[in-house]
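First up is the structure itself, then whatever we jot down about it.
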Amino acid sequence: MKNIAIFASGSGSNFENLINNKELNKYANIEFLICDKKEAYVLERAKKINIKSYLVDFTKFNNKKDFENKILELVKNIDFIVLAGYMRIISSYFIENFRGKIINIHPSLLPKYKGINSIKRAYNDKEEYIGVSIHYVNEEIDAGKILAQDKFKVDYSKNLDEITQQVHELEHKLYPKTLVKLFEGE
Ligand code: GRF
């Protein structure tokens, strides 16, 4: 069994989906959520589904190192950190402490469309396929080794919101499946 912490900053649909995944729960104890934004909806979700959460509010710290040290203290017994819409760049100092143990999901077919607004940019570029990637986190943004990808052919009669929804559905399938495979093999 792996001890997992999920980091999120936003809505938390991936967080909730991972918590509810029965197969993943056979291999992982999802211990708690760490959230860096007090207004994030993911905190409500955690409360509703009874998962312990820590709000580590970035604005309350003097600098990034203090903020990350607080988080490092919380995750000292954690085996893997799973990012699910965590919107903050993780420093090399932090990564050094968790080398190969931080996983992220990104809504594009990496290496294309790193960074923000990936779905919108791919949609506006009329990409034939849009997809998602699960990857290890290293010092370069959205550039760590890819664990899994999946994609669908874009139907351009659908608007951006509909395509975004389709991306989320794909994420909700691929993320638990990929984590199960990873933890199973550990
Ligand atoms: C997802 O699209 C994920 O790929 C990206 O941030 C989004 C988070 O969505 N990293 P949610 O908060 O899980 O609903």
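The values are calculated or read from the model by the stated rules, or taken from the named source; none is laboratory data. Note that this is a predicted model, so its numbers are computed, not measured. Every residue, glycine among them, receives a Cβ derived from its backbone with ideal geometry; neighbour counts consider all protein chains shown.
Of all residues in the range 70-83 being in contact (Cβ under 8 Å) with a residue 12 or more places away in the chain and within 17 Å of Asp57 (Cα to Cα), which is nearest to the ligand (Cβ to nearest atom)? Once the filter is applied, the top-ranked residue is Leu83. Close Cβ contacts (under 6 Å, 6 or more residues apart or on different chains) running from residues in the range 34-59 that are over 17 Å from Asn17 (Cβ atoms) to residues that are more than 14 Å from the ligand (Cβ to nearest atom) and among the basic types (Lys, Arg) comprise Leu55/Lys38; Val56/Lys70; Asp57/Lys38. Scanning the range 93-125 for residues that are farther than 16 Å from Lys145 by Cα, away from the ligand (no atom under 16 Å from the Cβ) and in contact (Cβ under 8 Å) with a residue 12 or more places away in the chain yields a total of 3. Scanning the range 1-41 for residues that are under 18 Å from Asp57 (Cβ atoms) and among the charged types (D, E, K, R) yields a count of 4. Return the total of residues in the range 15-38 being within 20 Å of Asn77 (Cα to Cα) and away from the ligand (no atom under 16 Å from the Cβ). Qualifying residue count for the region: 7. Kindly indicate the residue of the range 145-176 that is assigned to a strand (DSSP E or B) and not acidic (Asp, Glu) and also farthest from Ile19 (Cα to Cα) among those meeting that condition. Result: Lys153. Screening Ile89 on (1) within 16 Å of the ligand (Cβ to nearest atom); (2) β-branched (Val, Ile, Thr); (3) crowded, with 20+ Cβ neighbours inside 10 Å shows it passes everything except condition (3). Condition check for Gly12 on (1) within 13 Å of the ligand (Cβ to nearest atom); (2) in contact with a Ser or Thr (Cβ under 9 Å, 6 or more places away or on another chain): one failure, at (2). Filtering Ser157, Ser108 for residues that are crowded, with 20+ Cβ neighbours inside 10 Å and of a type outside the set (D, E, K, R) leaves a single hit, Ser108. Could you go through the range 46-60 and let me know if any residue there is at pLDDT 95 or above, within 11 Å of the ligand (Cβ to nearest atom) and buried (at least 18 other Cβ atoms within 10 Å of the Cβ). Within the range 46-60 (the criterion being at pLDDT 95 or above, within 11 Å of the ligand (Cβ to nearest atom) and buried (at least 18 other Cβ atoms within 10 Å of the Cβ)), the answer is no, since none of the residues qualifies.
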